[in-house]
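The values are calculated or read from the model by the stated rules, or taken from the named source; none is laboratory data. Nothing here was measured: the structure is a model prediction, and the numbers come from that model. For neighbour counting, all protein chains shown are included, and Cβ atoms are generated from backbone atoms with ideal geometry for every residue, glycine included.
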Amino acid sequence: MCAVLVLAIAYTTGLNLAALSLAAAGLALFGHLQNGRGRAVARVRAAVPGQLLFGLLAAVVRALTHASGVHATIAGVAMGLLMRTRPVGGDRLSPSHRTAPHRTEEILRPFSVEDRFPDFAVYAAAHPGYGPGTTPKQVTAKFFELAKQLDAEPVGVIDGTLFRGVTFERLYAEGLMPKPAEEWQALDQGKPLPTPPPVPENFLASHFYVTCGDSRWPGKVRDYQRNAAIDRLKYPMLGAIGNIKPCAYWPDNRVEPPVQIGDRGPSNVLMAQNERDLGTPLVGAMKLRRAFADRATMVTADQGGHGVYPFGRNTCANNAVTAFLTNGQRLAEDLACAPARPYR
């Protein structure tokens, strides 16, 4: 929770009380629809698809939070803490299960992309030789300009959708930031990108084993078509993330049931999390931290990318994890680490 307080206090610019009040009301409604009991709430949850009900409500709450002057990441974290995973009352499934775990992730992940992209925009603006712009605003505008341009006229195999996906992948690590800047420059000049090396089969196999095996995925093409159409409109920066994947054809039998995480067990867990992680967003880490309760403490680093330790540059976070691994010294309470120097 310390990281949340840091975001709420340090990154608030001005304060629009009307927008903040509306955001708080929307958040209260989100929590009530997630956790409320009674026939009226149950009827709403049964009648409206989860991705529509909670996806649209989440988008409205986040937009209002941003308009209020409070850092919009707070909205995502708060909704993650309010989202339940177990049925209540007469529900047969919880809202997140009715939505399906994979779809819940697809709804929340674009928020982490929007939080991460400004890191790249700052980097690209500081290196005007690449050409996207000299300010973060210009770099962001160039992203949408290139995506639209490539949708109309692909360069080689790179169209607007693949351009979004390639940029998304490059933002996983700070060390990769020069790469999308170079690729944008080449595409803007109509030059095709070099063929990337093949992804190791073991990496793909392990990735699909986890993501496809942990939850049920829709098996009908029309479900993916609908989700992709919704995502293109709601999340223009990332596009159709709800598209069909190999998980649609995964066998229904599971080798073993999913692990249930709770507050019972040894209290020897240290969690390390980046604030702007595309692969495992902060909102998910906060939810896991709440599930562990007193069994865990968490160090949160004010940096972007996927993976905190040992390749991150945040000394505060690295020292905390090293102390835990070398002598078992776990944090007594959650720790929010200030940002390291910007990547150059």
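A few points about this structure:
- Those residues of the stretch 210-226 which are assigned to a loop (DSSP other than H, G, I, E, B) and free of Cβ contacts under 8 Å to residues at least 60 places away in the same chain, in sequence order: GLY219, LYS220
- Qualifying residue in the stretch 273-280 (condition: of a type in the set (Val, Ile, Thr), within 16 Å of LEU171 (Cβ to Cβ) and buried (at least 21 other Cβ atoms within 10 Å of the Cβ)): no
- The requirement of being out of contact with any Pro (no Cβ under 6 Å at 6 or more places or on another chain), touching a residue at least 60 places away in the same chain (Cβ under 8 Å) and under 30 Å from GLN273 (Cα atoms) is not satisfied by LEU162.
- Residues considered: ASP188, ASP231. Of these, the only one that is at pLDDT 80 or above and under 30 Å from PHE144 (Cβ atoms) is ASP188.
- Filtering the stretch 313-337 to residues that are free of Cβ contacts under 8 Å to residues at least 60 places away in the same chain, in contact with a helix residue (DSSP H, G or I) (Cβ under 9 Å, 6 or more places away or on another chain) and either closer than 24 Å to ILE74 by Cα or β-branched (Val, Ile, Thr) (or both) leaves only CYS337.
- No other residue among GLY328, GLY279 is farther than 23 Å from VAL122 by Cα and among the small types (Gly, Ala, Ser) apart from GLY328.
Matching residues to (1) surrounded by fewer than 13 Cβ atoms within 10 Å (Cβ to Cβ); (2) assigned by TED's automatic domain parsing to the domain that holds ALA63; (3) of a type in the set (A, V, I, L, M); (4) in contact with a Phe, Trp or Tyr (Cβ under 6 Å, 6 or more places away or on another chain):
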{"residue": "THR135", "(1), (2), (3), (4)": "no, no, no, no"}
{"residue": "LYS142", "(1), (2), (3), (4)": "no, no, no, no"}
{"residue": "VAL155", "(1), (2), (3), (4)": "no, no, yes, no"}
{"residue": "ARG164", "(1), (2), (3), (4)": "no, no, no, no"}
{"residue": "PHE168", "(1), (2), (3), (4)": "no, no, no, no"}
{"residue": "GLU183", "(1), (2), (3), (4)": "no, no, no, no"}
{"residue": "HIS207", "(1), (2), (3), (4)": "yes, no, no, no"}
{"residue": "ASP214", "(1), (2), (3), (4)": "no, no, no, no"}
{"residue": "ARG222", "(1), (2), (3), (4)": "yes, no, no, no"}
